[in-house]
Amino acid sequence: MSDTSAPTNRFLAHTLFVMRQNPVTMLAFGLLGFLILCAVFGPALAPYDPLASEGAILQPPSAAHWFGTDQLGRDVFSRVIVATRLDLVISVGAVALSFVAGSILGSIAGYWGGWYDAVVSRGLDIIMAFPLFVLAMGIVAALGNTVENVIYATAVINTPFYARVVRAEVNIRREAGFVQAAKLAGNSDLRVLALHIFPNALPPMMVQVSLNLGWAVLNAAGLSFIGLGVRPPTPEWGIMVAEGAGFIISGEWWLALFPGLWLMLAVFTFNLLGDGLRDIVDPKQRR
Amino acid sequence: MLEIRDLHVTFETRNGAVDAVRGVDLDLAKGETLGLVGESGSGKSVTAFSILRILDSGGQIASGTLTYDGIDLSQANEAALNDLRGREISMIFQNPRAALNPIRKIGHQIEDVLRRHARATRYDARQKAIAALQEVKIHDAEARYHAYPFELSGGMCQRVVIAIALACQPRLLIADEPTTGLDVTTQKSVMDLVRQLSIARKMSVILITHDLGLAGEYCDQLVVMKDGQLVEQGAPATLTQTPQHSYTRRLVAATPLPGKAIHDLIEDGTPHDTPQISQETGLSVRNLEMTFAGKNGPVHALKGISFDLKWGGALGLVGESGSGKSTASSIIARLLDPTGGEVLFDGASITATPARAFVKDPRRSAIQMVFQDATDSLNPRHSARQAIAEPLKRLTKLGRSDRMARVFELAEKVGLPAPLLDRLPHQLSGGQKARVGIARALALEPKLLILDEPTAALDVSIQARVLNLLADLRESMGLTYLFVSHDLAVVKLLCDEVVVLRQGQIEEAGPAEDVLRSPKADYTKALLRGARWASLMDDVTPVTF
Amino acid sequence: MASRARIVGGRLLQAIPVVIGVVIITFVLTRALPGDPAAYFAGDAADEASIQQVREALGLDKSMPEQFLRYVGDLLRGDLGTSLSTGQSVLDDLARRLPASLELTLTALILSCIVAIPLGVMAATAPGSWKDHLCRVFVTAGVSLPTFFTGILLIYIFYFVLELAPAPLGRLDFIFIEPDPVTGFYLIDSAMARDWETFWGAAKQLVLPACTMALFTLAPIARMTRAAMLAALSSDYIRTARAAGLARRTVLMRYAFRNAMLPVVTTLGMVFSFALGANVLVEKVFAWPGIGSYAVDALVASDYAAVQGFVLTMALLFVALNLLIDLAYAAIDPRIGFDGA
């Protein structure tokens, strides 16, 4: 209402406050920053060409090749760094899509109820009736092995989570005093829903976002591990683990270990982000 | 029997240690009933919890002694203390339904206590539990033994909680706001039961309450607390008639009592002019019906109620929970469509426009509402300023600077300091939130203001201020009030007319003075008796207070 | 409790549209699979005419609605088609492999519950303590590890380096003879036959894959237990129980824990979904002869009857499990059936 810069400043100050409050959140944001850095500047940061043979094959980690080289002599470190962008794009893209779709479906179902709610809820039940990874497998297999399809499949299996959270949050606030007050103040139903109810559903959704970012990475890597989605020689963590798995038996552990650890680091970061993100969007944390 | 000396209790919070109790001294004799009175944050419950050492996490007795029967409870080890709990000293709580384990049969919950303190064996536990239920006057105790808490009414649950507390014949009972969350008529029966049992068993009772009237009626000795400290102590009659401390005086003044005018509730109150009530009918409710589709068939929330309200008048819609008073106010505020009947506003039907389309009705700004729970009625993400400006933004053509000027004006009118305007709801106190709610409702200069229990969640001293504010506003702005409440005492202060609702029907209606002085319906009498307002009625001997 | 029976009946009815939806989605998905099954079936040497013949035999020349009706008809008769790669009936293939998958998944979940629930309770009784933080980091790390990676790592450590575990090649080393199939679960079957050697052999094979999956499912169970326990411990009835002097154990177990288990039971559905999905990857890593590895092979070969059968089986299994969980919930929560809650 007042000066436009004031809320932005307040938001920033609050974000900093939340980070200082919780060291785990600070760590998570730090790691996230690092991952984003890798994603944006990956190709520039990588010491070697991730697709070209740059040395002897199957070399253990050394000063020249920090993570060793693979069966084609490619630098594992460079491949791991460059893969960050692809994996983050998949997870962020999928989560953004499901966030939007889930919010719309859930808000409408929670606010107006009735037959619309029944249809949406049954539809979500059907998606949830499949073990999610299995459904993602089916979708990617049917639509074809492309990165876009991995994103769509991941978005589809995540949508019910958002829709359910939003539906429940909207539903409990539908009759709240401030909602009725907003109607008395002359807000239409749509405005009440969008401006008064939905923003209050954000804190629990942020926890969901952070968990889902993690799942999305795992999901994408899992799909490529079984040969769906991203195809070699594209550097991607799941494929690299899958390819490296065969060499573990002969003692070349670095091929699978480093991409696996990197993958774990990314998922770990996303999982830890949840509480911090929630605190940032929750006005009750401000003082 | 119980002697508390210089008790200090601190709580670790995120903002550092907070002293909840600061140097309290108390003495309790055998068989005595002591009332611990104070408003929220006075430390009265914390004092009680520290006797049993069941403080919430982070709470700690910092210093002082609590001597019960020669044992210092503050030093006793956990095992010894646990042996005393429920056997020597028991406790009952507010919100009885939540105080019982939701998925355990009530009979078993009583048995747990009996078995724990070796008052029963596996073989006779059931009999003793049923006996305990009978003692708290639960009918058909054998059948109730198998009931779960959700199958019982609130009053019944409180009886079960009492049965659990008294199963092992304790010598001291601590009752923490035992009537909060119960209907007025149930409150009285619960308190009478506690009194009866304490006399029969020669048991001491500590009654913790925010309600000076309640404490005065049931206690031998009163202690008033504020900000973790003892303010004043004495017999009920002396304390309420000749309060010494200024806080006690304020508290006594703020308690609505027969014969008081609204300005008597606050110290610096000035009498209000007799309201100018027009002869013209402003609001007319005709045969209003509301039926909801329930799970076990239709629920008739309103069974055809009618009443009129003149411009400038104030009408109190009184009833307990389930009476349909909130349904009626929602319909009149055009948040809900009735299933039958109509509401005329200024002679024209407002129910002809469906609720969802009423936003665009020109009469939207003329009918506004102040909500029951100030916390619930403010969007947690919007500052006070945004909340008050919202209706102006949607329903007026004021520009931004005009809007801001109007917000300041409204804040001043309701006594909200301007620096608080930028705060979010959780950064405001209960009274401040109530003021924001009133300012928002007044923003559009409505003709009719519906007040839905606007003071129900507030402490009495704040309630006194808010009620006076409402009376001032009515005087200065010529507002018409529809006041919805369960509290006859408050209704009497603000309203000229009363409509008593029960289960969707009108029990009694008429000028407030007449209905309260000589109620005709038995239900109204029961309500008045429950509210300890019996003294007002002509045909009942007055209770001294 | 007539109302309770109605709730149960209502819940069963609710599953019907879900099952119908599952069948439709499965049909649509598998028809969209790339590759021409008729060409695949007819063999490499087939000419256009014989492919056409096979196509007609399979009903693939008909319109989609007709194919769907035919598919539903087959389903009702229990016919899931014939697998291209194994040449067997898909139903038989799945029936033979399902016990392997179930044995692995259930063992993993039981293991996970045994570890996660006490962890959650421990964290909740001391919120904010080092125990609590350690718990959180441990379970978060568990769920952050991709199962296929954990599996490979465990194999490397326990089989390759320490040589403690047997070769990760299926349910039983070839030196043992498979126990007589009664339940299909090797552990139970061999125990029933009192063949302890085989029992240990099967158990050894099971440990690593089960641990891999359990590690992945710890987090949701532990988190929910912690949250539910915290909520229960801060509720009013706990204060009543404490004020009545009930023993700490009674308060913790009979009052707090039982109430806390209600939300945990409902999350088990979610955990099953997790586990069944992870199952596919774990089976591939450990060459486990379950339906997951069957599906992966079928996907690679565009074997649509097998994929369809797998997806359908998984979904129906999951619907049935969720139904069981809901019924179990109704059985332990007395409030269900009252007020239709």
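The values are calculated or read from the model by the stated rules, or taken from the named source; none is laboratory data. It should be emphasised that the depicted structure is a prediction, and the values quoted were computed from it without experimental measurement. Cβ coordinates were reconstructed from backbone atoms using ideal geometry, including for glycine residues, and neighbour counts include every protein chain displayed.
Inside the stretch B:373-391, residues that are in contact (Cβ under 8 Å) with a residue 40 or more places away in the chain and at the interface with chain A (Cβ under 7 Å from one of its Cβ atoms) make up a count of 9.
With the structure loaded, tell me whether B:D373 is acidic (D, E), modelled with pLDDT under 90 and assigned by TED's automatic domain parsing to the domain that holds B:A464 or whether it fails that test. Yes. Against the test of being assigned by TED's automatic domain parsing to the domain that holds B:A163, in contact with a Ser or Thr (Cβ under 8 Å, 6 or more places away or on another chain) and either without any contact (Cβ under 8 Å) to a residue 60 or more places away in the chain or closer than 30 Å to B:D227 by Cα (or both), the options B:A118, B:A98 yield a single qualifying residue, B:A98. Applying the condition of being of a type outside the set (S, T, N, Q) and part of a strand (DSSP E or B) to the stretch B:274-288 and asking which residue is nearest to the other protein chains (Cβ to nearest Cβ) yields B:L283.
Of B:T353, B:T291, which residue is in contact with a Pro (Cβ under 7 Å, 6 or more places away or on another chain), away from chain A (no Cβ under 12 Å) and either among the small types (G, A, S) or surrounded by fewer than 18 Cβ atoms within 10 Å (Cβ to Cβ) (or both)? Full working, then the answer.
Values: B:T353 fails: in contact with a Pro (Cβ under 7 Å, 6 or more places away or on another chain).
Exactly one residue qualifies, and that residue is B:T291.
Within the stretch B:289-326, the set of residues being in a loop (DSSP other than H, G, I, E, B) and either touching a residue at least 40 places away in the same chain (Cβ under 8 Å) or among the small types (G, A, S) (or both) comprises B:W311, B:G312, B:G313, B:G319, B:E320, B:S321, B:G322, B:S323, B:G324.
Restricting attention to the stretch B:76-110, the residues that are more than 11 Å from chain C (Cβ to nearest Cβ) and not hydrophobic (A, V, I, L, M, F, W, C) total 2. Remark: pairs (first residue in the stretch C:148-174, in contact (Cβ under 8 Å) with a residue 60 or more places away in the chain; second residue surrounded by fewer than 20 Cβ atoms within 10 Å (Cβ to Cβ) and of a type in the set (S, T, N, Q); Cβ separation under 6 Å; 6+ apart in sequence or on different chains) are absent.
With the structure loaded, tell me whether A:A182 is in a helix (DSSP H, G or I), free of Cβ contacts under 8 Å to residues at least 60 places away in the same chain and out of contact with any strand residue (DSSP E or B) (no Cβ under 8 Å at 6 or more places or on another chain) or whether it fails that test. Even if it seems obvious, please write down each step before you answer.
Working: in a helix (DSSP H, G or I): yes; free of Cβ contacts under 8 Å to residues at least 60 places away in the same chain: yes; out of contact with any strand residue (DSSP E or B) (no Cβ under 8 Å at 6 or more places or on another chain): yes.
It is true that A:A182 is in a helix (DSSP H, G or I), free of Cβ contacts under 8 Å to residues at least 60 places away in the same chain and out of contact with any strand residue (DSSP E or B) (no Cβ under 8 Å at 6 or more places or on another chain).
Return the residue satisfying two criteria in turn: it lies in the stretch B:356-372 and is at the interface with another protein chain (Cβ under 8 Å from one of its Cβ atoms) and assigned to a loop (DSSP other than H, G, I, E, B), and of such residues it is surrounded by the fewest Cβ atoms within 10 Å (Cβ to Cβ). Only one residue fits best here, namely B:Q372. One residue alone among A:R191, A:R167 is modelled with pLDDT of 90 or more and surrounded by 22 or more Cβ atoms within 10 Å (Cβ to Cβ), and that residue is A:R167.
Search the stretch C:139-163 for residues being aromatic (F, W, Y) and facing another protein chain (nearest Cβ under 7 Å), and hand back the single one that is surrounded by the fewest Cβ atoms within 10 Å (Cβ to Cβ).
Within the stretch C:139-163, the match that is surrounded by the fewest Cβ atoms within 10 Å (Cβ to Cβ) is C:F160.
Out of all the residues in the stretch B:253-267, is one or more without any contact (Cβ under 8 Å) to a residue 60 or more places away in the chain, acidic (D, E), farther than 23 Å from B:S50 by Cβ and not in a strand (DSSP E or B)? Yes - at least one qualifying residue is present in the stretch B:253-267.
Out of contact with any strand residue (DSSP E or B) (no Cβ under 9 Å at 6 or more places or on another chain), surrounded by 17 or more Cβ atoms within 10 Å (Cβ to Cβ) and β-branched (V, I, T) - does that describe any residue in the stretch B:88-104? Yes, the stretch B:88-104 contains a residue that is out of contact with any strand residue (DSSP E or B) (no Cβ under 9 Å at 6 or more places or on another chain), surrounded by 17 or more Cβ atoms within 10 Å (Cβ to Cβ) and β-branched (V, I, T). One residue is enough: does the stretch C:222-229 have a residue meeting the conditions surrounded by 16 or more Cβ atoms within 10 Å (Cβ to Cβ), in contact with a helix residue (DSSP H, G or I) (Cβ under 6 Å, 6 or more places away or on another chain) and within 14 Å of chain B (Cβ to nearest Cβ)? Looking for residues that are surrounded by 16 or more Cβ atoms within 10 Å (Cβ to Cβ), in contact with a helix residue (DSSP H, G or I) (Cβ under 6 Å, 6 or more places away or on another chain) and within 14 Å of chain B (Cβ to nearest Cβ), one finds at least one in the stretch C:222-229, hence yes.
Look at (1) within 14 Å of chain C (Cβ to nearest Cβ); (2) surrounded by fewer than 20 Cβ atoms within 10 Å (Cβ to Cβ) and you find that A:P160 fails only one, number (2). Inspect the stretch B:227-242 for any residue being assigned to a helix (DSSP H, G or I), at pLDDT 90 or above and either crowded, with 22+ Cβ neighbours inside 10 Å or not hydrophobic (A, V, I, L, M, F, W, C) (or both) and give the result as yes or no. Taking every residue of the stretch B:227-242 in turn, none turns out to be assigned to a helix (DSSP H, G or I), at pLDDT 90 or above and either crowded, with 22+ Cβ neighbours inside 10 Å or not hydrophobic (A, V, I, L, M, F, W, C) (or both). Here B:R394 meets the list (1) within 9 Å of chain A (Cβ to nearest Cβ); (2) touching a residue at least 24 places away in the same chain (Cβ under 8 Å) almost entirely, failing just condition (2). Selection of first residues in the stretch B:148-161 that are facing chain C (nearest Cβ under 7 Å) and part of a helix (DSSP H, G or I) and of second residues that are surrounded by fewer than 17 Cβ atoms within 10 Å (Cβ to Cβ) and modelled with pLDDT under 90, restricted to Cβ pairs under 6 Å at least 6 apart or on distinct chains, gives the following pairs, ordered by first then second residue: B:F150/C:R335. Restricting attention to the stretch B:306-336 and to residues that are within 14 Å of chain A (Cβ to nearest Cβ) and over 15 Å from B:N287 (Cβ atoms), the residue that is nearest to the chain's Cα centre (by Cα) turns out to be B:S326.
For the stretch A:248-287, the set of residues classified as β-branched (V, I, T), at the interface with chain C (Cβ under 8 Å from one of its Cβ atoms) and either part of a helix (DSSP H, G or I) or touching a residue at least 12 places away in the same chain (Cβ under 8 Å) (or both) consists of A:I248, A:V267, listed by residue number.
Looking at B:G304, B:G322 in this structure, which one is at positive phi and either modelled with pLDDT under 90 or in contact with a helix residue (DSSP H, G or I) (Cβ under 7 Å, 6 or more places away or on another chain) (or both)? Don't jump to the end; show me each part of the working.
On the way: B:G304 fails: either modelled with pLDDT under 90 or in contact with a helix residue (DSSP H, G or I) (Cβ under 7 Å, 6 or more places away or on another chain) (or both).
Going through B:G304, B:G322 in turn, the sole match is B:G322.
Could you please find all residues in the stretch B:246-262 being loosely packed, with under 15 Cβ neighbours inside 10 Å and either in contact with a helix residue (DSSP H, G or I) (Cβ under 9 Å, 6 or more places away or on another chain) or under 19 Å from B:S45 (Cα atoms) (or both)? B:G259, B:A261 - these are the residues of the stretch B:246-262 that are loosely packed, with under 15 Cβ neighbours inside 10 Å and either in contact with a helix residue (DSSP H, G or I) (Cβ under 9 Å, 6 or more places away or on another chain) or under 19 Å from B:S45 (Cα atoms) (or both).
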